[in-house]
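First the structure, in the form of structure tokens, and then the observations on it.
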Amino acid sequence: MYASREDIGYDYGDDSKVGSKPIKPNPNIDGGWAWMIVLSSFLVHILIMGSQMALGILNMEWLEEFNQSRGLTAWVSSLSMGITLIVGPFIGLFISMCGCRTTAIIGGILNALGWTLSAYASNVHYLFLTFGVTAGIGSGMVYLPAVVMVGQYFQKRRALAQGLSTTGTGFGAFLMTALLKYLCSEFGWRNAMFIQGAISLNLCVCGALMRPLSPKDLREKYVVRSDSEENRAKALSHSTETIKSNGVLSEEPEKQEEAVNEEVLGSVQHIEIGGKSGSGRSMYGLRLLKAVSQLTVTVRKGFALWYSSYFGAASLFTNRVFVAFIIWALFAYSSFVIPFIHLPEIVKQYNLSRQDNVFPLTSIIAIVHIFGKVILGIISDLPGISTWNVFLMANFTLVTCILTLPLMQTYVGLAVVCALIGFSSGYFSLMPVVTEDLVGTKHLANAYGIIICANGISALFGPPFAGWIYDITQKYDFSFYIAGLLYMVGIIFLLIQPCIEKKQPREKSTEEAQV
């Protein structure tokens, strides 16, 4: 659904060592194995984001099984959704030390374990730990590398590749809704979760497909990028953060620290070579010392880059428009998530289950969402069209649909509103562009990471809040009304901030150029 912060941050490096000699581009960049990376990311979006959008089916089963309040039960789904996005900055630490492939495989195992253990749940609180936390962290560990690797392998076709891979969310929501409905009706929700856990093991296969690029491939990519985007590379030449082609986040270390680390490892290697005649126990100890030293160096480098990357962006919060954008993100995503969790029960209350079984309302949102992302992206690229205005219009349409949905009590009416929700929520594809306009290319990666975390918080608290409102009023109407009003507050924050201040210098420079 989202492009990751690492993908958005362009991986420029120091091209001075490469020189100006023409180097033949690697066939795996923008082609070859790169399309396998797109396939891997597409499947990850189906298995993770698609499954999360279909959790409304399981939410109904949990309500019947454990007979708990809707507010408490909704925490299971919201924990899984929210943690997947919130842990992104912390998953960056694993990527910086282990790489995308290893991180994704471990995440696939955790996700499958969370689904499987949840099949044996005796109460809702058990599901908080197994499904909400365990499966949520596992999802985050696979989702972030899946999007990062697409950015690593693509230069000229980056937008196309990301667009193709993220459409897996819509397809996944459609497929997983039908699959979970069938499994729950045929085998019960416990066996359905067990089977889904087995299916989730395919995430490990997706992770295994994330083959890291070699340093040679990285240099070739830098040369191609330098030729095509020379001006942009110069603007970012002073940035210390780079993204290595093997999916490992890295930073140019201080020379003194690097010299000390190499001296330590070199001395260990020297002792190991010179002590071949010694006892086997001594050799084992030396190898262990060498491994510990290497691990220490890797952890220190990874943590240093991770800390500077995520916590070195305090200057962003001096931008009032960006702060307003964060406030908007805290309210916006919950309005998109709430219908996926609570619509199945709303349909049941309105006695529309027969029509919904033919074509579920959540599937309508998912399918139209795919077209919305593509069409809104095309419209925003048209000459004379402001991406910011398209973004705001989509938000106004979505909040109007959220406020209108409780008024619809027929399947046709609900289907029309759900289709509009799916289309207008396609503004997700415009968020990276809007973020870049607000903070600039230099701070884009960190800024977008913060926005994603804010959306994760929104997903975490949105569904339980809607369930809690239902427990009080015995209606879902007020849940949508309050969520819509909070969403409107976030949009108002975007409107009242001095956006004109950012545009005035550009307009003046344009007028001067014309004169």
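The values are calculated or read from the model by the stated rules, or taken from the named source; none is laboratory data. Note that the coordinates shown come from a computational prediction; the quantities given were computed from them, not determined experimentally. Methodologically, a virtual Cβ is constructed for each residue, glycine included, from the backbone with ideal geometry; neighbour enumeration extends over all protein chains shown. Only protein heavy atoms, including side chains, enter the accessible area calculation; ligands, DNA and RNA are left aside. Shrake-Rupley method; radii C 1.70, N 1.55, O 1.52, S 1.80 Å.
Using a 1.4 Å probe on the protein heavy atoms, what percent of the accessible area of the stretch 21-102 belongs to carbon and sulfur? Write out the running numbers ahead of the final one.
Details: 1880 of 2900 Å².
Carbon and sulfur together cover 65 percent of it.
Can you give the local net charge around Ser77? Use residues other than it whose beta-carbon is closer than 14 angstrom to its beta-carbon, Lys and Arg +1, Asp and Glu -1.
Residues near Ser77 contribute -1 overall.
Over the stretch 140-215, average the accessible area per residue using a 1.4 Å probe and give it in Å², no decimals.
36
Sequence-distant or interchain residues sharing an amide H contact under 5 Å with Gly31, placed H: which?
For Gly31, whose amide H was placed from the backbone, there are no distant partners under 5 Å.
Per residue, what accessible area does the stretch 355-454 have, given a 1.4 Å probe and all protein chains present, in Å²?
37
From the phi of every residue in the stretch 69-75, what ³J(HN,Hα) in whole Hz does the Karplus formula 6.51 cos²θ - 1.76 cosθ + 1.60 yield, where θ is phi - 60° and glycine or proline is x?
Running phi through 6.51 cos²θ - 1.76 cosθ + 1.60 with θ = phi - 60° gives 5, 5, x, 5, 5, 5, 4 Hz.
Once Rh is set to the Kirkwood radius over Cα pairs, what Stokes-Einstein translational diffusion coefficient, in µm²/s, holds for the stretch 69-210 at a temperature of 25 °C and a viscosity of 0.890 mPa s?
On the way: Rh = 15.8 Å.
This corresponds to a translational diffusion coefficient of 155 µm²/s.
Mind listing the phi-derived Karplus ³J(HN,Hα) values for the stretch 39-53, rounded to whole Hz, using 6.51, -1.76 and 1.60 with θ = phi - 60°, and x for any glycine or proline?
4, 4, 5, 4, 5, 4, 5, 5, 6, 9, 5, x, 5, 5, 6
If you plug each phi of the stretch 331-337 into the Karplus form 6.51 cos²θ - 1.76 cosθ + 1.60 with θ = phi - 60°, what whole-Hz ³J(HN,Hα) values come out, in order, with x for Gly and Pro?
10, 6, 5, 4, 5, 7, 7
Test of the criteria: in the stretch 62-165, which chymotrypsin sites (Phe, Trp or Tyr not before Pro) are in a DSSP loop and have at most 13 other Cβ atoms within 10 angstrom of their Cβ?
Sparse-neighbourhood loop chymotrypsin sites (Phe, Trp or Tyr not before Pro): Tyr120.
Using modelled backbone amide H atoms (1.01 Å from N, in-plane), which distant-in-sequence or interchain residues come within less than 5 Å of Ala121's amide H?
HN-HN under 5 Å from Ala121: empty list.
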